[in-house]
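Written below as structure tokens is the structure these notes are about.
Read-outs: derived from the displayed coordinates by stated rules, not from any lab. Please read these numbers as outputs of a predicted model, since none were measured by experiment. All Cβ positions, even for glycine, are placed from backbone atoms using ideal geometry, and neighbour counts span all protein chains on display.
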Amino acid sequence: MAKTKSKTDLFEATLIKSPTGIQGLDEVTGGGLPKGRPTLIAGAAGCGKTVFAMEFLVNGATQFNEPGIFVSFDEPVEDLVKNFASLGYDLKGLSDRKKMAVDYIHIERSEIEVTGEYDLEGLFVRLGHMVDSIGAKRIVLDTIESLFGALPNEGILRAEIRRLFRWLKSKGLTAIITGEKGAGMMTRHGLEEYISDCVIFVAHLVSEQVATRRLRIVKYRGSTHGTNEYPFLIDKTGISVLPVTSLELTHKASSERISTGIPRLDTMLEGKGYYRGSSVLVSGTAGTGKSSVAAKFADSACRRGECCLYLAFEESESQIIRNMQSIGINLEPWVKKGLLKIHASRPTFYGLEMHLVQIHNLVSSFNPGVVIFDPVTNMISVGSENEVKSMLTRLLDYLKMKLVTTLFTNLSHQEDLEKTSVAISSLMDTWILLRDMEIGGERNRGLYVLKARGIGHSNQIREFLLTKEGIDVRDVYLGQDKVLTGSARLAQEATEKAEALIRRQEAERKQRELERKREAIESQIKLLRSQYESEEEELRTSIQQAKLKEEEISRATKEMARARKADVVKPAAGKK
Amino acid sequence: MGTENTKRKADSKAKGLKSNARAHGVAEVKSSKGFWELRLYVAGQTPKSLTAFANLKKICEEHLEGKYRIEVIDLLKNPQLARGDQILAIPTLVRNLPEPIKKIIGDLSNTERVLVGLDLRPAD
């Protein structure tokens, strides 16, 4: 085993590859087609062989400075030019600039008579002339097997085609040979026998009325390659192959948090919201407000100035805008500003892969910070559960790698509320469940966070309200062993309010009484004080009078003594 | 017969043919047209090409004496000419005139088939 591996490594070092420029194909082939060697693309009619070959040439001419020759054995040049104009390829312009040469080789069987031996030197000369005239590095022969119908003597033809491939190799041309799928063989005339370097098989499968194109690298000598069947599609930008399964689980996790757009929901998630680049699932039964949560998230992303891609699978753009306006979320300005792109499509319109590629393309061109799928459940109508899951896995890997926060809404049913229809919950980092709560003859919405990886989230059930002013998340009333929501909660709240009012009034009354008491006491104190003051006054006056009387008596005594000429008796010391 | 003859002449004139074409106007061969313009495509002096040319020369001398012209085109010298007549196989003999265009591939070793291809003998 180890020996084989080192051998492969050795080959990888020496095998030069010619990039196709086709999105995804270079990834699957590890860099492109083998340079200077022929590659066979086989498949039934209408699988996209010609488009593959043409895109290889056009990309070579425009991106890698490798001029190329397209030799068609089936379609006249004018038809090719017209057909590929719809893919945006200007074959005429490229031909005029000598970046490309397109030729149509056809043989009318009815004109031809064969007499004896022949070879295909004329074809060689013709190809050689074209190659030299533009210095071609790439060549496409589409479909050389037509020659088998036009020329008799298969033995000669086979030998000559074998010689042609050798000739292509000797010229150092990277060639694509296309071949129709034959019965029990890859190609009708067994071309795969002659092309041993690289064989790619394309197919167009239809299951449940949905068509998917698939591609498989049957062999690639001297190189490791992806061995799976890869879905691919052809749209107006050309071919995209989805090698998404080659991605690994190595995306970086961001610790940045972004708001959910609903303040109360933020507080349930540590007050910060979701992790950037995480996947969020909002599931719930019909009419629980999943889209509203999604729209609010979109709105908040746009408010931060981030781009948001809203993939709607149920409603049209204007319907979403109108409906969200009714709950106070105005998305229209964001659309006008170019921050919000609503891409509405029916899931059944194309196959899963087409959706995947389209989302890929939208994400890579629009570069959103937030992608919303509303609802992801509808995807199940396109493929089987496994297919949908694998598609979502691929998509999520891709989005996580780009640090895009993804929000999926998922319609679930009352009986298995915590089971998502595509079993995608394991892919989700945060799961918010919206549910109906039937109490007292009415339905109300409840919201809780079922899981949130890496976030210490609240375990509380909250009531989720959609009002004209927007979304509101409130505490539910917990009491008498049950949860109260809606009018029951309102009634309970009113009762509490009334009780509180009474209590407050009581307190106020007591306060006033206290005040009055204090006032009464204070006035009593005042009265006593004034009584005391008047008594004091009286006493003082009488003391004064007594003193005056004393003085008068002593003065009169002295006068009497003077009049009697009495001697002065000195009072004894120490006596007063 | 007379009118038919005139018509043929007019046809020939319209195609801008040389006067000697008219000299052999009424031919004993089945074809209604009187002149064979043949082009032999080769790629270098390969044995196959040489054989083809020799065979062609012989057939023409036998069946179309004086009523034919052979142009040999060597694609190695003029590769761009391969496109016009949609030449893939070598050697290819192209009968440009009389119309319709016919192509005969191979070394022309099977005289019978060459004659059929050139409409010099009815195919059975």
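As a calculated quantity, the FRET efficiency between A:L527 and A:K497 at R0 = 35 Å, using C-beta atoms, amounts to about 0.15. Using a basic spin-label model with each label point 7 Å from the Cα along Cα→Cβ, how many nm lie between A:R346 and B:N78? Inter-label distance under the simple model: 6.1 nm. Take every Cα pair under 8 Å whose residues are at least 6 apart in sequence, average their separation, divide by the length of segment B:28-117, and the relative contact order is 40 percent.
Please state the charge dipole magnitude for segment A:257-475, taken about the Cα centre, from unit charges on C-beta atoms (+1 on K and R, -1 on D and E), reported in debye and rounded to the nearest 20. Present the calculation step by step, with values, prior to reporting the outcome.
Working: 26 positive and 24 negative charges, 146 e Å.
Magnitude of the dipole: close to 700 debye.
Taking amide H positions as modeled 1.01 Å from N, with prolines and chain starts lacking one, the residues under 5 Å from A:I439 and 5 or more places away or on another chain are A:N444.
Note on A:Q545 and A:I439: the model spin-label points, each 7 Å out from Cα along the C-beta direction, lie 8.7 nm apart. Placing unit charges on each Cβ (+1 for Lys and Arg, -1 for Asp and Glu) gives segment B:28-117 a dipole about its Cα centre, and among B:I104, B:S49, B:L88 the Cα reaching farthest toward its positive end belongs to B:L88. Each Cα pair under 8 Å and six or more residues apart adds its separation to the average, and for chain A the resulting relative contact order is 12 percent.
Here the extension length gained between A:S534 and A:E108 equals 138.7 nm, from 0.36 nm per residue of separation less the Cα-Cα distance.
Give the shape of segment A:257-475 as rounded, prolate or oblate, defined through the alpha-carbon gyration tensor: a ≥ b ≥ c are the square roots of its eigenvalues, a/c under 1.5 means rounded, and otherwise the shape is prolate if a/b is larger than b/c and oblate if not.
Details: a/c = 1.38, a/b = 1.21, b/c = 1.14.
Rounded.
Each Lys and Arg contributes +1 and each Asp and Glu -1, all at the Cβ; summed about the Cα centre of segment A:44-149, the dipole is approximately 620 debye. Remark: spin-label model distance A:M185-A:D235 equals 3.8 nm, labels positioned 7 Å along the Cα→Cβ axis. For the pair segment A:438-467 / segment A:280-358, the C-alpha centres are spaced 22 Å from each other.
Placing unit charges on the Cβ atoms only, positive for Lys and Arg and negative for Asp and Glu, gives chain A a dipole magnitude near 3420 debye about its Cα centre.
Can you classify chain A as rounded, prolate or oblate using the Cα gyration tensor, where a ≥ b ≥ c are the square roots of its eigenvalues, rounded means a/c under 1.5, and otherwise it's prolate if a/b beats b/c and oblate if not? Verdict is prolate for chain A.
Where does chain A land at 222 nm, in deg cm²/dmol rounded to the nearest 500, when only DSSP H runs of n ≥ 4 count, each adding -39500 (n - 2.57), divided by all residues? Could the numbers behind the result be given before it?
Working: 15 runs with 229 residues, N = 576.
Using -39500 (n - 2.57) per qualifying helix, the result is -13000 deg cm²/dmol.
Ranking A:S316, A:F84, A:T267 by Cα position along the charge dipole of the protein assembly as shown, where only Lys, Arg, Asp and Glu carry charges on their C-beta atoms, puts A:T267 farthest toward the positive end. DSSP beta bridges fully contained in chain A are about 45 percent antiparallel. Look at the dipole of the protein assembly as shown built from charges on Cβ: of A:L233, A:L157, A:L501, the Cα furthest out on the positive end belongs to A:L501.
Residue by residue along A:517-530, Cβ atoms of other protein chains within 10 Å of the local Cβ number 0 on average. If we count every other residue with Cβ under 12 angstrom of A:A294's Cβ, Lys/Arg +1 and Asp/Glu -1, where does the sum land? So the surrounding residues net to -2.
Output the relative contact order of segment A:2-246, whole-number percent, from Cα pairs under 8 angstrom with separation of 6+ residues.
Numbers: 465 pairs, mean separation 72.3, N = 245.
Answer for segment A:2-246 is 29 percent.
Shape class for segment A:2-246, computed from the alpha carbon gyration tensor (a ≥ b ≥ c): rounded, with a/c under 1.5. Which of the pairs A:K35/A:K169; A:K169/B:K103; A:K92/A:K236; A:K82/B:K103; B:K57/B:K103 have their Cα atoms more than 21 Å apart in this structure? Correct reply: A:K169/B:K103; A:K82/B:K103. Per-residue Cβ neighbour counts within 10 Å put A:K219, A:K337 in the sequence A:K337, A:K219, beginning with the fewest. Counting Cβ atoms of other protein chains within 10 Å of each residue's Cβ and taking the mean over peptide B:78-85 gives 5.
Between A:V77 and A:R518, what length in nm is gained on full extension when 0.36 nm per residue of separation is reduced by their alpha carbon distance?
Details: separation 441, 0.36 × 441 = 158.76 nm, distance 11.11 nm.
Difference between extended and current length: 147.7 nm.
If I take R0 = 22 Å and measure r between the Cβ atoms of A:F366 and A:E332 in this structure, what FRET efficiency does the formula 1/(1 + (r/R0)^6) give, to the nearest 0.05? FRET efficiency, A:F366 to A:E332: 0.75. Electrostatic tally near A:L339: other residues with Cβ closer than 13 Å to its Cβ, Lys and Arg +1, Asp and Glu -1, net +2. Taken as entire DSSP H runs, the helices of chain A that both span 18 Å or more between Cα atoms along their own long axis and average -1.0 or more on the Kyte-Doolittle scale are A:2-14, A:49-63, A:121-134, A:154-170, A:290-303, A:352-366, A:385-401.
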